[in-house]
Amino acid sequence: MEKLYRVSIITVSDKCSRNEREDRSGKYLLDFFKEKDWEIVNYIIIPDEFDLILNTIKDICDKKSSDLIITTGGTGFSPRDITPEAARAAIEREVPGISEYLRAQSQKLTPRAMLSRGVSGIRKKTLIINFPGSIKAVKESVEIIYKPILHGIDILISRDSECGGD
């Protein structure tokens with residue numbers, strides 16, 4: 001059976017990229033989407049480097065290999081946390097409602113949710129969403145946004161164009 005959706009998971013972490021820490025968040029996302037029968041196109045661990053993050057996102061989107069990119073890590077206040085800035089540079093159309101909803105719902109679970117600087121948007125026909133790096137935040141985040149984003153991805157990847165569609 002052909003898989004309906006394709007996802008790329010990008011863990012942004014200096015320590016994980018140097019094998020100094022296990023990437024629990026990216027691996028959780030990998031298992032989550034496998035269980036949902038998504039095609040895993042990429043599972044990448046990269047350091048907190050602006051050009052590397054930007055070019056990785058752009059390359060995946062421009063090759064049209066994935067319907068969804070989820071990044072995990074680099075959304076906090078540390079000087080090395082630059083994932084939102086790199087993602088924003090790749091994004092052609094912002095989708096602020098996803099990140100706003102994610103923060104609002106997460107705020108009900110932890111007061112630190114307001115500190116996440118993650119962004120969401122579209123490049124070509126790929127939806128890009130930044131998640132925080134902690135395993136707890138990733139588990140909560142993917143559950144919060146999973147069902148609502150499916151409709152958006154369906155519209156984004158649709159080959160049929162409708163007048164007046166929303």
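Coordinate-derived values only; no laboratory data. Note that the coordinates shown come from a computational prediction; the quantities given were computed from them, not determined experimentally. Because the Cβ atoms are built from the backbone with ideal geometry, glycine has one as well, and the counts that use them run over all protein chains shown.
Summary of values
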read-out	value
Gain on full stretching of the segment that runs from residue 28 to residue 114 - 0.36 nm per residue minus C-alpha separation	28.7 nm
Histogram of C-alpha separations across the stretch 6-157, 5 Å bin width, %	2, 10, 22, 25, 23, 14, 4, 1
Förster-model FRET efficiency, 35 Å R0, residue 78 and residue 125, C-beta, rounded to 0.05	0.60
C-alpha center-to-center spacing [the stretch 138-159, the stretch 32-63] in angstrom	16
Long-range amide H partners of residue 131 with built H, under 5 Å	71, 72, 73
Theoretical gain in end-to-end length, residue 35 to residue 19 [0.36 nm per residue, Cα-Cα removed]	3.2 nm
DSSP-loop chymotrypsin sites (Phe, Trp or Tyr not before Pro) across the stretch 66-162, with at most 11 other Cβ within 10 angstrom	77
Cut-off under 5 Å, modelled amide H: who pairs with residue 13 long-range	46, 48
Antiparallel DSSP beta bridges within the chain, percent to nearest 5	25
Degrees separating the helix 135-157 axis from the principal Cα axis of the chain, which is the longest one	20
Rounded tilt (10° steps) of 50-62 against the dominant C-alpha axis of the chain	20
Anchor residue 36: lysines whose Cα lies under 28 Å away (excluding residues fewer than 8 positions away in-chain)	3, 27, 58, 63, 64, 108, 124, 125, 136, 139, 147
